[in-house]
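Engineer: One structure, pasted below without further comment.
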Amino acid sequence: MPGLSGRILVVDDNKVIRQLIRVNLELEGFEVVTAADGAECLDVVHHVRPDVVTLDVVMPRLNGLHTAARLRSDPRTWDIPIAIVSACTQGEVDNGETVGVDAFLAKPFEPTELVRTVGKLVREGRQRGRGPEGGAQEKDAGGEDGESDRDGAGMVDAGGDAGPVARPGG
């Protein structure tokens, strides 16, 4: 499946899992930005304008299900496809379906299943009308001091893990 494209916001409090998901998606051609929890996701989602958000369920500050509900209730993010990537209970799956989660992937997951699920959600999101670029022109996440977190290599650090970000017009 090489050659896939799309911007993915990966949200997980476990740095190793964030890196694992990021690497697997980048190898298939996706751009990836990460966040360490739901609160950070909500802080950066409007700057990143992802095609898909992946969420762990159990995270500090704001868990994945509450984050999904907040994304669905915001007119700027209500239509972004959301995948829960977590060791979910049936109750969490039911709650996720209630708030509008689009897909569930159980940990531990197969990398090919992750890529397939995310690719499907990117395509479905584009069919919903988000367009081929998915998001707005501004793609880097702002730092706490109002400065961009982009370094000279076009990387964004939204949760301790840098990921490539397309430059406008590029």
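Here, each number is a calculation from the coordinates, and none is a lab measurement. Every value quoted in this text rests on a predicted model; they were computed, and no experiment measured them. Heads up, the Cβs are rebuilt from the backbone with ideal geometry, glycines too, and the neighbour counts pull from every protein chain shown.
Engineer: Under 11 Å from a point placed 7 Å out from the Cα of Glu110 along the Cα-to-Cβ direction: which residues of the stretch 73-99 have their backbone N that close?
Structural biologist: none
Engineer: Highest mean first, what order results for 97-105, 33-41 on Cβ atoms within 10 Å?
Structural biologist: Most protected by this proxy first, the peptides run 33-41, 97-105.
Engineer: Give the calculated FRET efficiency between Asn14 and Arg128 to the nearest 0.05, with a Förster radius of 22 Å applied to their Cβ-Cβ distance.
Structural biologist: After rounding to 0.05, the efficiency reads 0.15.
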